[in-house]
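*Asks:* Okay, here's the structure, questions in a sec.
The values are calculated or read from the model by the stated rules, or taken from the named source; none is laboratory data. Note that the coordinates shown come from a computational prediction; the quantities given were computed from them, not determined experimentally. Here Cβ is always computed from backbone atoms with ideal geometry, including for glycine, and neighbour counts include all displayed protein chains. Quick note on the areas: whole protein, heavy atoms, side chains included, nothing else; ligands and nucleic acids left out. Shrake-Rupley method; radii C 1.70, N 1.55, O 1.52, S 1.80 Å.
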Amino acid sequence: MKVIKLASADGAIIPVEQEIIEQSGTIRNILSDIGSSDTPIPVPNVSGPILTKVIDYCRHHRNDPSRRQPREPVYDETDSSETAIQRAISQMDDFDEEFCRVDQGTLFDLILAANFLDIQPLIDLVGFTVANKMKGKTVEEMRATFNVKNDFTPEEEERVRQENAWCEE
């Protein structure tokens, strides 16, 4: 089994089996371009701990052949939101639920890593988790949860609420 070395943003060298990390479209493309090499592949946008967590995800899902092929995101614009949610839930297992039980900063780092590494099932999973954290919250609660500063004047905010009143129906 061929082992590939990945170099994280913080300089950690992390060995991983090629068949596992090829769930990443980015790494798969790099390997097809450069071939086999003992030189670590730089992953400049991902820290060592996050890269290790992403590898754990890939290792857990290594026997799922659908995760090796490029595919569309879970959401399909023809789906109702409830259908899309049910499809996302059906693709989760206990590992996935536990995997996403992390702090908010780690969740966002995982989204960035999954996006950079082009691992669509992981983007779907973490994005779904973030969406669930937002579900049912008011604008003010979401601002507090995600530390978003309200830079609207009261008049601007009222105008936006009126323009988007249909969202609240």
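*Asks:* Is it the case that some residue within region 126-134 is at pLDDT 85 or above and exposed (fewer than 11 other Cβ atoms within 10 Å of the Cβ)?
*Replies:* No: zero hits.
*Asks:* Restricting attention to region 114-139, and to residues there that are free of Cβ contacts under 8 Å to residues at least 40 places away in the same chain and in a loop (DSSP other than H, G, I, E, B), which single residue is nearest to Met92 (Cα to Cα)?
*Replies:* Ranking the candidates gives Lys135 first.
*Asks:* Within region 140-169, how many residues are open to solvent by 80 Å² or more (accessible area, probe 1.4 Å), charged (D, E, K, R) and either in contact with a helix residue (DSSP H, G or I) (Cβ under 9 Å, 6 or more places away or on another chain) or not in a loop (DSSP other than H, G, I, E, B) (or both)?
*Replies:* Summing the residues that are open to solvent by 80 Å² or more (accessible area, probe 1.4 Å), charged (D, E, K, R) and either in contact with a helix residue (DSSP H, G or I) (Cβ under 9 Å, 6 or more places away or on another chain) or not in a loop (DSSP other than H, G, I, E, B) (or both) in region 140-169 gives 9.
*Asks:* Take the residues in region 25-58 that are within 13 Å of Leu122 (Cβ to Cβ) and in contact with an Asp or Glu (Cβ under 6 Å, 6 or more places away or on another chain); name whichever of them is most open to solvent (accessible area, probe 1.4 Å).
*Replies:* Thr26
*Asks:* Let me ask something else about it. Sort through Ile55, Ile30, Ile50, Ile14 and tell me the only one that's hydrophobic (A, V, I, L, M, F, W, C), touching a strand residue (DSSP E or B) at 6+ places or on another chain (Cβ under 9 Å) and modelled with pLDDT under 95.
*Replies:* From the options Ile55, Ile30, Ile50, Ile14, the qualifying one is Ile30.
*Asks:* Sticking with this one: Residue check: is Phe108 modelled with pLDDT of 90 or more and open to solvent by 70 Å² or more (accessible area, probe 1.4 Å)?
*Replies:* For Phe108, the condition - modelled with pLDDT of 90 or more and open to solvent by 70 Å² or more (accessible area, probe 1.4 Å) - is met.
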